[in-house]
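Below is one structure; the comments refer to it alone.
The values are calculated or read from the model by the stated rules, or taken from the named source; none is laboratory data. A quick note: this is a predicted structure, and the numbers were derived from the prediction, not measured. Ideal geometry is used to build each Cβ from the backbone, glycine not excepted, and the neighbour counts take in all protein chains shown. To get the accessible areas, we keep the full protein, side chains included, count just its heavy atoms, and leave off ligands, DNA and RNA. Shrake-Rupley method; radii C 1.70, N 1.55, O 1.52, S 1.80 Å.
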Amino acid sequence: MPKKIIVIGANHAGTAALNTILDNYKDVDVTAFDANSNISFLGCGMALWIGGQISGPDGLFYSSKEILEGKGAKIYMETSVNSVDFDNKVVYTKDAAGKDCEYPYDKLILATGSTPVGPQLPGMSLDNVQFVKLYQNAAEVIEKLGDTSIKKVAVVGAGYIGVELAEAFQRNGREVTLIDCADTCLSAYYDDIFCKRMEKQLSDHGIRLAFGEKVKQLEGNGKVDKVVTDQNTYDADMVIFCVGFRPNTKLGNGQLKQFHNNGAYLTDLMQQTSRPDVYAVGDCATVYNNAIEDTDYIALATNAVRSGIIAAHNACGTELKSPGVQGSNGISIWGLNMVSTGLSLERTKKLGFDAAATDYEDWQKAGFMEKDNYKVVIRIVYDKKTRRILGAQLCSDYDISMAIHLFSMAIQEKVTIDKLKLFDLFFLPHFNQPYNYITMAALNAE
Ligand SMILES: Cc1cc2nc3c(=O)[nH]c(=O)nc-3n(C[C@H](O)[C@H](O)[C@H](O)COP(=O)(O)OP(=O)(O)OC[C@H]3O[C@@H](n4cnc5c(N)ncnc54)[C@H](O)[C@@H]3O)c2cc1C
Ligand SMILES: NC(=O)c1ccc[n+]([C@@H]2O[C@H](COP(=O)([O-])OP(=O)(O)OC[C@H]3O[C@@H](n4cnc5c(N)ncnc54)[C@H](O)[C@@H]3O)[C@@H](O)[C@H]2O)c1
(Lines give C-alpha, C1' and ligand atoms only; values in the text may rest on other atoms or scores of the structure.)
(Ligands and ions follow the chains in the order given, each with its own letter.)
Protein backbone atom coordinates (compact mmCIF):
# COMPACT_ATOMS: atom_id res chain seq x y z
CA MET A 1 0.00 0.00 0.00
CA PRO A 2 1.50 3.41 -0.97
CA LYS A 3 2.02 5.88 1.88
CA LYS A 4 1.46 9.15 0.04
CA ILE A 5 -0.83 9.71 -2.93
CA ILE A 6 -1.10 13.14 -4.54
CA VAL A 7 -3.97 14.07 -6.85
CA ILE A 8 -3.50 17.14 -9.06
CA GLY A 9 -6.87 18.58 -10.08
CA ALA A 10 -9.94 17.92 -7.97
CA ASN A 11 -12.83 18.32 -10.38
CA HIS A 12 -14.81 15.28 -11.70
CA ALA A 13 -11.88 12.92 -12.36
CA GLY A 14 -9.89 14.02 -9.32
CA THR A 15 -12.90 13.86 -7.01
CA ALA A 16 -13.75 10.34 -8.25
CA ALA A 17 -10.19 9.23 -7.51
CA LEU A 18 -10.23 10.90 -4.08
CA ASN A 19 -13.60 9.38 -3.10
CA THR A 20 -12.49 5.92 -4.23
CA ILE A 21 -9.30 6.10 -2.15
CA LEU A 22 -11.06 7.57 0.89
CA ASP A 23 -14.00 5.12 0.76
CA ASN A 24 -11.96 1.96 0.19
CA TYR A 25 -8.49 2.31 1.68
CA LYS A 26 -7.50 3.22 5.22
CA ASP A 27 -4.10 4.56 6.26
CA VAL A 28 -3.40 6.24 2.92
CA ASP A 29 -2.12 9.81 3.16
CA VAL A 30 -3.96 11.50 0.28
CA THR A 31 -3.50 15.12 -0.71
CA ALA A 32 -5.07 17.07 -3.58
CA PHE A 33 -4.33 20.44 -5.13
CA ASP A 34 -6.67 22.45 -7.32
CA ALA A 35 -6.01 25.82 -8.89
CA ASN A 36 -9.72 26.68 -8.76
CA SER A 37 -11.78 27.79 -5.73
CA ASN A 38 -14.55 25.21 -6.21
CA ILE A 39 -14.86 21.49 -6.82
CA SER A 40 -17.20 19.34 -8.91
CA PHE A 41 -19.10 21.98 -10.92
CA LEU A 42 -21.37 20.18 -13.38
CA GLY A 43 -20.88 22.12 -16.62
CA CYS A 44 -23.94 20.38 -18.04
CA GLY A 45 -26.03 22.59 -15.74
CA MET A 46 -24.70 25.80 -17.27
CA ALA A 47 -27.20 25.81 -20.15
CA LEU A 48 -30.07 24.88 -17.81
CA TRP A 49 -29.11 27.77 -15.51
CA ILE A 50 -28.77 30.33 -18.35
CA GLY A 51 -32.04 29.12 -19.87
CA GLY A 52 -33.91 29.39 -16.55
CA GLN A 53 -34.78 25.69 -16.47
CA ILE A 54 -33.23 25.46 -13.01
CA SER A 55 -33.47 28.21 -10.42
CA GLY A 56 -29.75 28.57 -9.70
CA PRO A 57 -26.36 26.90 -9.54
CA ASP A 58 -26.46 25.50 -5.98
CA GLY A 59 -27.38 21.96 -7.00
CA LEU A 60 -24.62 21.86 -9.62
CA PHE A 61 -21.94 20.90 -7.08
CA TYR A 62 -21.73 17.46 -5.46
CA SER A 63 -18.49 17.75 -3.50
CA SER A 64 -16.32 20.30 -1.70
CA LYS A 65 -13.05 20.76 0.18
CA GLU A 66 -15.02 20.29 3.42
CA ILE A 67 -16.68 17.02 2.30
CA LEU A 68 -13.39 15.52 1.11
CA GLU A 69 -11.49 16.69 4.21
CA GLY A 70 -14.29 15.23 6.36
CA LYS A 71 -13.38 11.87 4.82
CA GLY A 72 -9.69 12.29 5.64
CA ALA A 73 -7.99 13.98 2.64
CA LYS A 74 -5.90 17.14 2.70
CA ILE A 75 -7.28 19.50 0.05
CA TYR A 76 -5.46 22.65 -1.05
CA MET A 77 -7.71 24.91 -3.12
CA GLU A 78 -6.51 27.89 -5.19
CA THR A 79 -3.15 26.13 -5.23
CA SER A 80 -1.51 25.45 -8.58
CA VAL A 81 1.00 22.72 -9.16
CA ASN A 82 3.61 24.48 -11.25
CA SER A 83 5.93 21.56 -11.91
CA VAL A 84 6.57 17.93 -11.08
CA ASP A 85 9.95 16.28 -10.61
CA PHE A 86 8.96 12.84 -11.90
CA ASP A 87 12.40 11.32 -11.20
CA ASN A 88 12.50 12.34 -7.52
CA LYS A 89 8.70 12.19 -7.06
CA VAL A 90 8.05 15.71 -5.81
CA VAL A 91 5.35 18.24 -6.79
CA TYR A 92 5.97 21.98 -6.55
CA THR A 93 3.01 24.23 -5.71
CA LYS A 94 2.14 27.91 -5.39
CA ASP A 95 -0.87 28.98 -3.31
CA ALA A 96 -3.14 32.03 -3.70
CA ALA A 97 -0.89 34.08 -1.39
CA GLY A 98 2.10 33.29 -3.65
CA LYS A 99 3.72 30.84 -1.20
CA ASP A 100 5.80 28.07 -2.80
CA CYS A 101 5.80 24.57 -1.32
CA GLU A 102 6.97 21.10 -2.29
CA TYR A 103 5.36 17.75 -1.51
CA PRO A 104 6.81 14.26 -2.04
CA TYR A 105 4.62 11.41 -3.30
CA ASP A 106 4.70 7.65 -3.78
CA LYS A 107 1.91 7.65 -6.39
CA LEU A 108 0.66 10.58 -8.45
CA ILE A 109 -2.72 10.96 -10.14
CA LEU A 110 -2.88 13.68 -12.79
CA ALA A 111 -6.46 14.97 -13.15
CA THR A 112 -5.69 18.34 -14.69
CA GLY A 113 -8.58 18.22 -17.18
CA SER A 114 -8.95 20.40 -20.23
CA THR A 115 -9.29 23.99 -21.42
CA PRO A 116 -11.62 25.29 -24.14
CA VAL A 117 -9.91 25.75 -27.50
CA GLY A 118 -9.44 29.46 -28.24
CA PRO A 119 -8.99 30.29 -31.91
CA GLN A 120 -6.43 33.03 -32.62
CA LEU A 121 -8.62 35.57 -34.40
CA PRO A 122 -8.60 39.37 -34.55
CA GLY A 123 -10.97 40.80 -31.93
CA MET A 124 -10.82 37.91 -29.44
CA SER A 125 -9.88 40.29 -26.59
CA LEU A 126 -13.02 42.45 -27.01
CA ASP A 127 -15.45 42.55 -24.07
CA ASN A 128 -18.27 39.99 -24.07
CA VAL A 129 -16.28 37.36 -25.94
CA GLN A 130 -16.75 34.41 -23.61
CA PHE A 131 -15.57 30.85 -23.06
CA VAL A 132 -17.60 28.42 -21.02
CA LYS A 133 -16.06 25.80 -18.79
CA LEU A 134 -15.80 26.84 -15.14
CA TYR A 135 -18.52 27.88 -12.69
CA GLN A 136 -16.95 31.36 -12.81
CA ASN A 137 -17.43 31.48 -16.61
CA ALA A 138 -21.12 30.65 -16.25
CA ALA A 139 -21.59 33.16 -13.41
CA GLU A 140 -19.94 35.89 -15.51
CA VAL A 141 -22.17 35.19 -18.51
CA ILE A 142 -25.30 35.20 -16.31
CA GLU A 143 -24.25 38.47 -14.70
CA LYS A 144 -23.67 40.07 -18.10
CA LEU A 145 -27.08 38.90 -19.27
CA GLY A 146 -28.49 41.27 -16.65
CA ASP A 147 -27.55 43.98 -19.16
CA THR A 148 -30.60 44.20 -21.40
CA SER A 149 -28.58 45.91 -24.16
CA ILE A 150 -27.13 42.45 -24.84
CA LYS A 151 -29.81 41.39 -27.29
CA LYS A 152 -27.96 39.28 -29.83
CA VAL A 153 -25.75 36.34 -28.95
CA ALA A 154 -23.56 34.46 -31.43
CA VAL A 155 -22.53 30.95 -30.43
CA VAL A 156 -19.49 29.66 -32.34
CA GLY A 157 -19.30 25.85 -32.44
CA ALA A 158 -22.43 23.74 -32.89
CA GLY A 159 -21.19 20.72 -30.95
CA TYR A 160 -22.70 19.65 -27.67
CA ILE A 161 -22.02 22.85 -25.73
CA GLY A 162 -22.99 25.16 -28.60
CA VAL A 163 -26.34 23.51 -29.33
CA GLU A 164 -27.26 23.42 -25.62
CA LEU A 165 -26.28 27.06 -25.18
CA ALA A 166 -28.16 28.17 -28.32
CA GLU A 167 -31.34 26.83 -26.71
CA ALA A 168 -30.40 28.41 -23.36
CA PHE A 169 -29.82 31.93 -24.74
CA GLN A 170 -33.00 31.79 -26.79
CA ARG A 171 -34.97 30.71 -23.68
CA ASN A 172 -33.28 33.64 -21.93
CA GLY A 173 -34.88 35.99 -24.45
CA ARG A 174 -31.88 36.62 -26.68
CA GLU A 175 -31.64 36.41 -30.48
CA VAL A 176 -29.21 33.61 -31.25
CA THR A 177 -26.98 32.88 -34.25
CA LEU A 178 -25.29 29.47 -34.16
CA ILE A 179 -22.15 29.27 -36.31
CA ASP A 180 -20.09 26.20 -37.23
CA CYS A 181 -17.47 25.56 -39.91
CA ALA A 182 -19.06 22.11 -40.47
CA ASP A 183 -22.14 21.86 -42.68
CA THR A 184 -24.44 20.93 -39.82
CA CYS A 185 -24.64 20.66 -36.01
CA LEU A 186 -23.46 17.74 -33.83
CA SER A 187 -21.62 16.25 -36.79
CA ALA A 188 -19.04 14.54 -34.57
CA TYR A 189 -21.75 12.42 -32.94
CA TYR A 190 -24.53 11.82 -35.48
CA ASP A 191 -25.14 11.11 -39.16
CA ASP A 192 -26.80 13.68 -41.33
CA ILE A 193 -30.38 12.37 -40.99
CA PHE A 194 -30.16 13.00 -37.24
CA CYS A 195 -28.28 16.29 -37.52
CA LYS A 196 -30.94 17.58 -39.92
CA ARG A 197 -33.65 16.86 -37.31
CA MET A 198 -31.73 18.88 -34.75
CA GLU A 199 -31.22 21.67 -37.30
CA LYS A 200 -34.99 21.81 -37.84
CA GLN A 201 -35.65 21.81 -34.09
CA LEU A 202 -33.26 24.74 -33.66
CA SER A 203 -34.58 26.79 -36.56
CA ASP A 204 -38.22 26.04 -35.62
CA HIS A 205 -37.41 27.66 -32.27
CA GLY A 206 -35.94 30.77 -33.81
CA ILE A 207 -32.21 30.00 -33.87
CA ARG A 208 -30.46 31.46 -36.92
CA LEU A 209 -28.15 28.79 -38.34
CA ALA A 210 -24.87 29.69 -40.03
CA PHE A 211 -23.30 26.35 -40.90
CA GLY A 212 -20.41 25.81 -43.31
CA GLU A 213 -19.02 29.23 -42.33
CA LYS A 214 -15.59 29.99 -40.90
CA VAL A 215 -15.27 32.84 -38.40
CA LYS A 216 -12.58 35.22 -39.63
CA GLN A 217 -12.70 38.02 -37.04
CA LEU A 218 -14.68 39.81 -34.36
CA GLU A 219 -15.34 43.53 -34.54
CA GLY A 220 -16.34 46.15 -32.00
CA ASN A 221 -15.31 49.23 -30.12
CA GLY A 222 -14.22 47.91 -26.73
CA LYS A 223 -17.19 45.56 -26.72
CA VAL A 224 -17.83 43.03 -29.44
CA ASP A 225 -20.62 43.95 -31.86
CA LYS A 226 -20.01 41.84 -34.99
CA VAL A 227 -18.85 38.38 -36.02
CA VAL A 228 -17.37 38.28 -39.50
CA THR A 229 -17.27 34.91 -41.24
CA ASP A 230 -15.92 33.99 -44.67
CA GLN A 231 -19.48 34.47 -46.01
CA ASN A 232 -21.45 36.87 -43.78
CA THR A 233 -21.36 39.43 -41.01
CA TYR A 234 -23.61 38.91 -37.97
CA ASP A 235 -24.51 41.48 -35.29
CA ALA A 236 -23.63 40.12 -31.87
CA ASP A 237 -23.50 41.79 -28.42
CA MET A 238 -21.98 38.63 -26.92
CA VAL A 239 -19.99 35.85 -28.59
CA ILE A 240 -19.53 32.44 -26.99
CA PHE A 241 -16.76 30.16 -28.25
CA CYS A 242 -17.28 26.42 -27.77
CA VAL A 243 -15.19 24.73 -30.43
CA GLY A 244 -13.86 21.84 -28.36
CA PHE A 245 -11.44 21.12 -25.51
CA ARG A 246 -7.67 20.74 -25.37
CA PRO A 247 -6.08 18.56 -22.62
CA ASN A 248 -4.06 20.38 -19.91
CA THR A 249 -0.69 18.64 -20.04
CA LYS A 250 1.75 21.40 -19.10
CA LEU A 251 3.07 19.39 -16.15
CA GLY A 252 3.99 16.30 -18.17
CA ASN A 253 4.96 17.75 -21.55
CA GLY A 254 8.15 16.03 -22.68
CA GLN A 255 8.15 13.86 -19.53
CA LEU A 256 5.26 11.50 -20.20
CA LYS A 257 4.26 9.87 -23.50
CA GLN A 258 1.50 11.80 -25.25
CA PHE A 259 -1.25 11.09 -27.79
CA HIS A 260 -0.24 12.12 -31.32
CA ASN A 261 -3.62 13.84 -31.99
CA ASN A 262 -3.71 16.39 -29.18
CA GLY A 263 -1.00 15.67 -26.59
CA ALA A 264 -3.26 14.00 -23.99
CA TYR A 265 -1.34 11.72 -21.62
CA LEU A 266 -1.20 8.22 -23.10
CA THR A 267 -2.60 5.75 -20.59
CA ASP A 268 -3.08 1.99 -20.47
CA LEU A 269 -6.21 0.21 -19.26
CA MET A 270 -5.15 0.89 -15.65
CA GLN A 271 -4.86 4.63 -16.41
CA GLN A 272 -1.11 4.34 -15.91
CA THR A 273 1.02 6.74 -17.94
CA SER A 274 4.43 5.94 -19.41
CA ARG A 275 5.82 6.26 -15.83
CA PRO A 276 4.80 3.42 -13.51
CA ASP A 277 3.76 5.45 -10.44
CA VAL A 278 1.97 8.16 -12.40
CA TYR A 279 -1.66 7.84 -13.48
CA ALA A 280 -3.69 10.21 -15.65
CA VAL A 281 -7.48 10.46 -15.62
CA GLY A 282 -10.35 12.43 -17.17
CA ASP A 283 -9.95 15.09 -19.84
CA CYS A 284 -6.12 15.19 -19.65
CA ALA A 285 -5.82 11.49 -20.57
CA THR A 286 -6.57 9.08 -23.39
CA VAL A 287 -9.17 6.31 -23.24
CA TYR A 288 -9.40 2.95 -25.02
CA ASN A 289 -12.25 3.18 -27.51
CA ASN A 290 -13.86 -0.25 -28.09
CA ALA A 291 -15.53 0.85 -31.33
CA ILE A 292 -12.22 1.58 -33.07
CA GLU A 293 -10.30 -0.92 -30.88
CA ASP A 294 -7.64 1.72 -30.29
CA THR A 295 -6.54 4.65 -28.15
CA ASP A 296 -8.73 7.75 -28.43
CA TYR A 297 -9.54 11.07 -26.77
CA ILE A 298 -13.17 11.52 -25.60
CA ALA A 299 -13.75 14.38 -23.15
CA LEU A 300 -16.81 13.46 -21.08
CA ALA A 301 -17.64 13.68 -17.37
CA THR A 302 -18.63 10.00 -17.48
CA ASN A 303 -15.14 8.98 -18.67
CA ALA A 304 -13.61 11.29 -16.05
CA VAL A 305 -15.48 9.57 -13.22
CA ARG A 306 -14.77 6.01 -14.41
CA SER A 307 -11.09 6.66 -15.09
CA GLY A 308 -10.73 8.32 -11.66
CA ILE A 309 -12.11 5.19 -9.97
CA ILE A 310 -9.80 2.92 -11.97
CA ALA A 311 -6.63 4.93 -11.28
CA ALA A 312 -7.41 5.15 -7.56
CA HIS A 313 -7.69 1.37 -7.15
CA ASN A 314 -4.52 0.74 -9.13
CA ALA A 315 -2.60 3.42 -7.22
CA CYS A 316 -3.69 1.72 -3.99
CA GLY A 317 -2.48 -1.68 -5.16
CA THR A 318 -5.73 -3.29 -6.35
CA GLU A 319 -5.38 -4.11 -10.05
CA LEU A 320 -8.41 -2.89 -12.00
CA LYS A 321 -8.59 -2.63 -15.79
CA SER A 322 -10.91 -0.39 -17.77
CA PRO A 323 -13.30 -2.27 -20.05
CA GLY A 324 -12.80 0.61 -22.50
CA VAL A 325 -15.42 3.16 -23.54
CA GLN A 326 -17.81 3.82 -26.39
CA GLY A 327 -18.22 7.60 -26.00
CA SER A 328 -21.94 7.26 -25.25
CA ASN A 329 -23.66 10.62 -25.17
CA GLY A 330 -27.03 12.34 -25.27
CA ILE A 331 -28.74 15.68 -25.80
CA SER A 332 -32.23 17.07 -25.25
CA ILE A 333 -33.22 20.31 -27.01
CA TRP A 334 -36.76 21.65 -26.54
CA GLY A 335 -37.83 18.06 -25.98
CA LEU A 336 -36.06 16.55 -28.99
CA ASN A 337 -33.96 13.75 -27.50
CA MET A 338 -30.96 12.31 -29.31
CA VAL A 339 -28.50 9.70 -28.04
CA SER A 340 -25.55 8.01 -29.70
CA THR A 341 -22.72 5.62 -28.95
CA GLY A 342 -19.69 4.35 -30.84
CA LEU A 343 -19.23 5.45 -34.43
CA SER A 344 -21.56 7.20 -36.85
CA LEU A 345 -21.55 5.84 -40.42
CA GLU A 346 -19.81 9.03 -41.50
CA ARG A 347 -17.01 8.47 -38.98
CA THR A 348 -16.56 4.82 -40.06
CA LYS A 349 -15.95 6.09 -43.61
CA LYS A 350 -13.31 8.55 -42.41
CA LEU A 351 -11.62 5.78 -40.41
CA GLY A 352 -11.60 3.33 -43.33
CA PHE A 353 -14.11 0.76 -42.01
CA ASP A 354 -16.22 -1.15 -44.55
CA ALA A 355 -19.43 -0.43 -42.65
CA ALA A 356 -23.17 -0.27 -43.31
CA ALA A 357 -26.16 1.15 -41.46
CA THR A 358 -29.63 -0.22 -40.88
CA ASP A 359 -32.37 2.36 -40.18
CA TYR A 360 -35.90 2.01 -38.85
CA GLU A 361 -38.64 4.45 -37.89
CA ASP A 362 -41.71 3.50 -35.87
CA TRP A 363 -43.98 4.51 -33.01
CA GLN A 364 -42.55 3.88 -29.56
CA LYS A 365 -45.68 2.16 -28.22
CA ALA A 366 -48.33 -0.10 -29.73
CA GLY A 367 -50.51 1.74 -32.28
CA PHE A 368 -53.63 1.53 -30.10
CA MET A 369 -51.89 3.56 -27.36
CA GLU A 370 -53.38 6.92 -28.26
CA LYS A 371 -51.63 9.06 -25.63
CA ASP A 372 -47.95 9.89 -25.16
CA ASN A 373 -46.96 7.85 -28.17
CA TYR A 374 -44.07 9.20 -30.27
CA LYS A 375 -42.14 8.32 -33.39
CA VAL A 376 -38.59 6.98 -32.90
CA VAL A 377 -35.79 6.87 -35.47
CA ILE A 378 -32.97 4.39 -34.96
CA ARG A 379 -29.77 3.72 -36.90
CA ILE A 380 -27.41 0.86 -36.10
CA VAL A 381 -23.95 0.93 -37.72
CA TYR A 382 -22.08 -2.34 -38.21
CA ASP A 383 -18.98 -3.71 -39.90
CA LYS A 384 -19.97 -5.49 -43.12
CA LYS A 385 -17.31 -8.20 -42.82
CA THR A 386 -17.09 -8.97 -39.11
CA ARG A 387 -20.78 -7.96 -38.55
CA ARG A 388 -19.61 -6.30 -35.28
CA ILE A 389 -21.89 -3.46 -34.09
CA LEU A 390 -19.88 -0.23 -34.32
CA GLY A 391 -22.40 2.40 -33.31
CA ALA A 392 -26.02 3.40 -32.78
CA GLN A 393 -28.08 6.59 -32.84
CA LEU A 394 -31.65 7.22 -31.68
CA CYS A 395 -33.87 10.27 -31.91
CA SER A 396 -37.37 10.95 -30.58
CA ASP A 397 -39.63 13.32 -28.64
CA TYR A 398 -40.00 10.30 -26.32
CA ASP A 399 -37.35 9.61 -23.68
CA ILE A 400 -35.42 6.90 -25.52
CA SER A 401 -32.22 7.57 -23.58
CA MET A 402 -32.01 4.18 -21.82
CA ALA A 403 -31.96 2.28 -25.13
CA ILE A 404 -28.47 3.51 -25.97
CA HIS A 405 -26.95 1.62 -23.02
CA LEU A 406 -27.81 -1.68 -24.76
CA PHE A 407 -25.75 -0.61 -27.77
CA SER A 408 -22.91 0.68 -25.61
CA MET A 409 -22.67 -2.75 -24.00
CA ALA A 410 -23.02 -4.44 -27.42
CA ILE A 411 -20.01 -2.53 -28.75
CA GLN A 412 -17.99 -3.24 -25.61
CA GLU A 413 -18.77 -6.96 -25.87
CA LYS A 414 -18.27 -7.11 -29.67
CA VAL A 415 -21.84 -8.28 -30.34
CA THR A 416 -22.72 -8.77 -34.02
CA ILE A 417 -25.76 -7.27 -35.73
CA ASP A 418 -26.99 -10.84 -36.34
CA LYS A 419 -26.98 -11.65 -32.60
CA LEU A 420 -29.27 -8.66 -32.06
CA LYS A 421 -31.91 -9.93 -34.52
CA LEU A 422 -33.60 -12.39 -32.15
CA PHE A 423 -32.39 -10.87 -28.91
CA ASP A 424 -35.04 -11.12 -26.15
CA LEU A 425 -36.73 -7.72 -25.77
CA PHE A 426 -39.88 -7.61 -23.60
CA PHE A 427 -43.18 -6.12 -24.81
CA LEU A 428 -45.78 -4.15 -22.87
CA PRO A 429 -48.01 -1.68 -24.75
CA HIS A 430 -47.38 1.02 -22.14
CA PHE A 431 -43.72 0.96 -23.13
CA ASN A 432 -43.13 -0.49 -26.60
CA GLN A 433 -44.27 -2.77 -29.43
CA PRO A 434 -44.05 -6.54 -30.00
CA TYR A 435 -42.14 -5.75 -33.19
CA ASN A 436 -39.62 -3.58 -31.37
CA TYR A 437 -37.77 -1.04 -33.53
CA ILE A 438 -34.47 -2.41 -32.27
CA THR A 439 -35.43 -5.90 -33.49
CA MET A 440 -36.79 -4.52 -36.77
CA ALA A 441 -33.66 -2.49 -37.52
CA ALA A 442 -31.48 -5.54 -36.83
CA LEU A 443 -33.68 -7.87 -38.91
CA ASN A 444 -33.49 -5.43 -41.83
CA ALA A 445 -29.69 -5.38 -41.80
CA GLU A 446 -28.26 -6.67 -45.08
C1 LIG B 1 -20.71 23.51 -20.60
C2 LIG B 1 -20.28 22.07 -20.45
C3 LIG B 1 -21.23 21.07 -20.47
C4 LIG B 1 -20.83 19.73 -20.34
N5 LIG B 1 -21.79 18.76 -20.35
C6 LIG B 1 -21.43 17.45 -20.22
C7 LIG B 1 -22.41 16.42 -20.16
O8 LIG B 1 -23.63 16.68 -20.23
N9 LIG B 1 -21.98 15.14 -20.07
C10 LIG B 1 -20.65 14.81 -19.99
O11 LIG B 1 -20.33 13.61 -19.85
N12 LIG B 1 -19.70 15.77 -20.03
C13 LIG B 1 -20.06 17.07 -20.15
N14 LIG B 1 -19.09 18.06 -20.18
C15 LIG B 1 -17.66 17.65 -20.18
C16 LIG B 1 -17.17 17.48 -18.74
O17 LIG B 1 -17.45 18.64 -17.98
C18 LIG B 1 -15.67 17.22 -18.74
O19 LIG B 1 -15.41 16.06 -19.49
C20 LIG B 1 -15.19 17.07 -17.30
O21 LIG B 1 -15.23 18.31 -16.66
C22 LIG B 1 -13.79 16.49 -17.20
O23 LIG B 1 -13.45 16.41 -15.86
P24 LIG B 1 -11.93 16.46 -15.36
O25 LIG B 1 -11.96 16.40 -13.88
O26 LIG B 1 -11.14 15.45 -16.12
O27 LIG B 1 -11.38 17.85 -15.87
P28 LIG B 1 -11.76 19.36 -15.54
O29 LIG B 1 -13.21 19.48 -15.29
O30 LIG B 1 -11.16 20.17 -16.62
O31 LIG B 1 -11.01 19.65 -14.16
C32 LIG B 1 -9.62 19.73 -14.05
C33 LIG B 1 -9.27 20.38 -12.72
O34 LIG B 1 -7.86 20.43 -12.61
C35 LIG B 1 -7.47 21.67 -12.06
N36 LIG B 1 -6.08 21.92 -12.50
C37 LIG B 1 -5.61 21.92 -13.78
N38 LIG B 1 -4.28 22.12 -13.80
C39 LIG B 1 -3.90 22.27 -12.50
C40 LIG B 1 -2.66 22.50 -11.87
N41 LIG B 1 -1.52 22.61 -12.56
N42 LIG B 1 -2.64 22.61 -10.52
C43 LIG B 1 -3.78 22.49 -9.80
N44 LIG B 1 -4.99 22.26 -10.35
C45 LIG B 1 -5.04 22.14 -11.67
C46 LIG B 1 -8.48 22.66 -12.62
O47 LIG B 1 -8.56 23.81 -11.77
C48 LIG B 1 -9.76 21.83 -12.60
O49 LIG B 1 -10.49 21.97 -11.41
C50 LIG B 1 -19.46 19.41 -20.26
C51 LIG B 1 -18.50 20.43 -20.24
C52 LIG B 1 -18.91 21.76 -20.32
C53 LIG B 1 -17.88 22.85 -20.26
N1 LIG C 1 -24.35 16.27 -23.48
C2 LIG C 1 -23.08 15.97 -23.43
O3 LIG C 1 -22.67 14.82 -23.33
C4 LIG C 1 -22.07 17.09 -23.48
C5 LIG C 1 -22.47 18.41 -23.32
C6 LIG C 1 -21.51 19.40 -23.41
C7 LIG C 1 -20.19 19.09 -23.63
N8 LIG C 1 -19.83 17.79 -23.76
C9 LIG C 1 -18.43 17.44 -24.08
O10 LIG C 1 -17.55 18.53 -23.82
C11 LIG C 1 -16.55 18.60 -24.84
C12 LIG C 1 -16.50 19.99 -25.43
O13 LIG C 1 -17.74 20.29 -26.07
P14 LIG C 1 -17.77 21.25 -27.34
O15 LIG C 1 -19.18 21.51 -27.70
O16 LIG C 1 -16.86 22.41 -27.07
O17 LIG C 1 -17.02 20.39 -28.44
P18 LIG C 1 -17.62 19.47 -29.63
O19 LIG C 1 -16.46 18.69 -30.10
O20 LIG C 1 -18.86 18.76 -29.23
O21 LIG C 1 -18.05 20.53 -30.76
C22 LIG C 1 -17.16 21.46 -31.30
C23 LIG C 1 -17.81 22.06 -32.54
O24 LIG C 1 -17.03 23.18 -32.93
C25 LIG C 1 -16.90 23.16 -34.35
N26 LIG C 1 -15.66 23.91 -34.64
C27 LIG C 1 -14.38 23.55 -34.43
N28 LIG C 1 -13.56 24.57 -34.77
C29 LIG C 1 -14.33 25.58 -35.20
C30 LIG C 1 -14.08 26.90 -35.66
N31 LIG C 1 -12.84 27.39 -35.72
N32 LIG C 1 -15.14 27.66 -36.02
C33 LIG C 1 -16.40 27.18 -35.94
N34 LIG C 1 -16.72 25.96 -35.51
C35 LIG C 1 -15.69 25.17 -35.12
C36 LIG C 1 -16.85 21.70 -34.72
O37 LIG C 1 -17.25 21.51 -36.07
C38 LIG C 1 -17.86 21.11 -33.73
O39 LIG C 1 -19.17 21.09 -34.26
C40 LIG C 1 -16.90 17.54 -25.88
O41 LIG C 1 -16.07 16.42 -25.66
C42 LIG C 1 -18.33 17.20 -25.58
O43 LIG C 1 -18.67 15.87 -25.89
C44 LIG C 1 -20.74 16.79 -23.72
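Observations, loosely collected:
- Per-residue extension of 0.36 nm, minus the Cα-Cα distance of L422 and S55, leaves a gain of 127.5 nm for this segment.
- Positive minus negative residues near A280 (Lys, Arg vs Asp, Glu; Cβ under 14 Å): +2
- Model label points for A96 and K414, set 7 angstrom from Cα along the Cα-to-Cβ axis, are 5.2 nm apart.
- Note on the chain: with a GNM built from Cα contacts shorter than 10 Å, the maximum mean-square fluctuation among Q271, Q258, Q120 falls on Q120.
- Counting heavy atoms of the protein chains alone, L145 has an accessible area of about 20 Å² for a 1.4 Å probe.
- Taking θ as phi - 60° and the Karplus parameters 6.51, -1.76 and 1.60, the scalar couplings of the stretch 262-270 work out to 8, x, 4, 5, 6, 10, 8, 5, 9 Hz in sequence order, x denoting glycine and proline.
- Among T286, V239, V415 - extreme Cα towards positive end, dipole of the chain, charges at beta-carbon: V415
- Kirkwood analysis of the Cα pair distances in the stretch 1-76 returns a hydrodynamic radius of 13.3 Å.
- Surface accessible to a 1.4 Å probe, per residue, for the residues of the chain, Å²: 45
- Close amide-amide hydrogen proximity is noted between I75 and A32, each under 5 Å apart and 5 or more residues distant or on a separate chain (H modeled in the peptide plane; Pro and chain starts excluded).
- For q = 0.13, 0.15, 0.22, 0.23 Å⁻¹, Debye-computed log10 I/I(0) when each Cα of the stretch 184-278 counts as one equal scatterer: -0.74, -0.83, -1.09, -1.15
- When a 1.4 Å probe is rolled over the protein heavy atoms, the share of accessible surface on the chain that falls to carbon and sulfur comes to 50 percent.
- Antiparallel content of DSSP bridges confined to the chain, in %, to 5: 60
- Dipole-positive endmost among A304, V227, V163 within the chain (Cβ charges, Cα centre): A304
- Kirkwood-Stokes translational diffusion coefficient of the chain, alpha-carbon pairs, 37 °C, 0.692 mPa s, µm²/s: 140
- With a simple spin-label model that places each label point 7 Å from the Cα along the Cα-to-Cβ direction, the separation between Y103 and D354 comes to 5.4 nm.
- Gyration tensor verdict on the stretch 241-349 (Cα atoms; rounded if a/c is under 1.5, prolate if a/b is larger than b/c, oblate otherwise): prolate
- Inter-label distance for I193 and T148, nm, one decimal - labels placed 7 Å from Cα along Cα-to-Cβ: 4.7
- Charge context of A301, other residues only, Cβ under 15 angstrom, K/R +1, D/E -1: 0
- Eligible aspartates and glutamates near K375 by straight Cα distance, threshold 20 Å, same-chain separation 8 or greater: D191, D192, E199, D204, D359, E361, D362, D397, D399
- Contact order relative to length of the chain, as percent, for alpha carbon pairs under 8 angstrom and 6 or more apart: 14
- Two-decimal Rg to Rh for the stretch 1-155 - Kirkwood Rh, Cα set: 1.05
- Remark on D127: its backbone amide H falls under 5 Å from those of K223, V224, a criterion applied only to residues 5 or more positions apart or on other chains, H modelled at 1.01 Å from N.
- Proximal lysine pairs, the stretch 23-182, alpha carbons under 17 Å, eight or more residues apart or interchain: 9
- In the stretch 1-138, the DSSP beta bridges split such that about 50 percent are antiparallel, to the nearest 5.
- Environment charge at Q217 (Cβ cut-off 11 Å; Lys +1, Arg +1, Asp -1, Glu -1): +1
- Only Lys, Arg (+1) and Asp, Glu (-1) charged, at Cβ; the chain dipole about Cα centre in debye: 500
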